[in-house]
1. Per residue, what accessible area does segment 1-110 have, given a 1.4 Å probe and all protein chains present, in Å²?
2. Counting Lys and Arg as +1 and Asp and Glu as -1, what is the net charge of the other residues whose Cβ lies under 15 Å from the Cβ of residue 183?
3. Roughly speaking, to the nearest percent, how much of the chain's 1.4 Å accessible area is carbon and sulfur?
4. If you average 1/r over all unlike Cα pairs in segment 62-189 and invert the result, what Kirkwood radius do you get in angstrom?
5. Given the Cα-Cα distance of residue 236 and residue 128 and 0.36 nm per residue of separation, how much length would full extension add, in nm?
6. Taking only protein heavy atoms into account and a 1.4 Å probe, give the accessible area per residue of segment 290-380 in Å².
7. Across segment 274-394, how many lysine pairs separated by 8 or more positions, or lying on different chains, have Cα atoms within less than 25 Å?
8. When ligands, DNA and RNA are left out and all protein chains stay put, how many square angstrom of accessible area per residue does segment 162-212 have with a 1.4 Å probe?
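The values are calculated or read from the model by the stated rules, or taken from the named source; none is laboratory data. Every value quoted in this text rests on a predicted model; they were computed, and no experiment measured them. Backbone-built Cβ (ideal geometry, glycine too); neighbour counts: all protein chains shown. Surface areas here come from the heavy atoms of the whole protein model, side chains and all, with no ligands, DNA or RNA. Shrake-Rupley method; radii C 1.70, N 1.55, O 1.52, S 1.80 Å.
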Amino acid sequence: MKHLPSFFTLDFMLLCLSSFLFFASFNMIIPELPAYITSLGGEDYKGLIISLFTLTAGLSRPFSGKLADKIGRVPVMIFGLVVCFIVSLLYPIITTVSGFLFLRFVHGFSTGFTPTGTSAYVADIVPFNKRGEAMGIQSLFGSLGMAAGPALGGYIGSAYGINPLFYTASFTAVLSMLVVLRLKETVAIKEPFRLNLIKLKKDEIIEKRVLFPSLILFLTVTSFGTVLTIIPDYSEHLGIQNKGLFFAVFTIASLGIRIIAGRTSDKYGRIPVMKAASFSMVVAMILVAFATSKGMLLFGGVIFGASVGMNSPTISAWTIDLSLDKYRGRALATMYIALEAGIGIGAIVSGFLFNNKPENFPLVFLISAGSAFIAFLLLMFHKTTPKNSGADKF
């Protein structure tokens, strides 16, 4: 065990396991949702599948950030998992288009709370000079869940139907919850929950110290919203039977590079890694835009995965570097607001532009490439600190 990083404690390992189960839970249903809402008569609302989910997640972030700092990281994680459990059980019961969209809206509270608490927990238990590596390992397990979820979901959906898939997602959320309940709280001085804690002052909504990395995240993850919304139809258009295959490919491609990117950002700084990540995103979206075969689409997925693998742990570590300890939850919430806003806008714009017309596939992905290129340009003209500092200031 001595070759493992010093922060690889039991609590850290439990957190990684919980992340795997959580991300598997809500991602396993995504590849089947476009076909499901079409079967309900709502094919014109495909763009809302992701955007409603991310809207709620984004709106709830300031609250989850404040609560994570006040009542503790563990209760915030638990709340998100309870939402994941209940909503997944309700999908088979509420079968109207409006009901489904409402559930997608409520489901977003799960990612509005759980990842905020998780990231703050990691930051609490990991040394400053190991943050990038720790975020890389923790996000690696989340990515494994993102890979296993759609692949398993695609199989369950095609073999047993959509309702067993929803029940499986709910059960997986329960498993994640049981793991989190074993974690020791890291907030030393906690406040009991009271209603006035959910009242936000103006300066409690956004943490200004982390606005620049949040902007970069926003610009790069619009492509993720596009992928989540359009790839299931694009896969079917190219003759790929398992609509979760692209998701599995890009997630697997992101796995190994996460730890390497995290360590590299600890040593050389966050911005150099983010430059490589944003440029890779541009290349990936161009490849996907002009894909004419299964192989070309999946190759674009590999590059996309590499970009996501560099982006995720580096942005998280950069955000923590720039935040004050007492406002760590708020800073991470600000980062996640940018994440949800980027994904949501990417989903809405791509769904609107696609409009169920196959000839529009290239356009939606080229727009995503343009957004990532703007991020690359901003990073190119951004001042960095000395390479060994870890934190890149702005």
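1. Ligands and nucleic acids excluded, the result is 37 Å² per residue.
2. Cβ neighbours under 15 Å give a net charge of +1.
3. Answer for the chain is 68 percent, counting heavy atoms of protein chains only.
4. Result for segment 62-189, one decimal place: 15.9 Å.
5. Net length gain for the segment: 34.4 nm.
6. 37
7. Summing the qualifying lysine pairs gives 6.
8. Accessible area per residue, segment 162-212: 68 Å².
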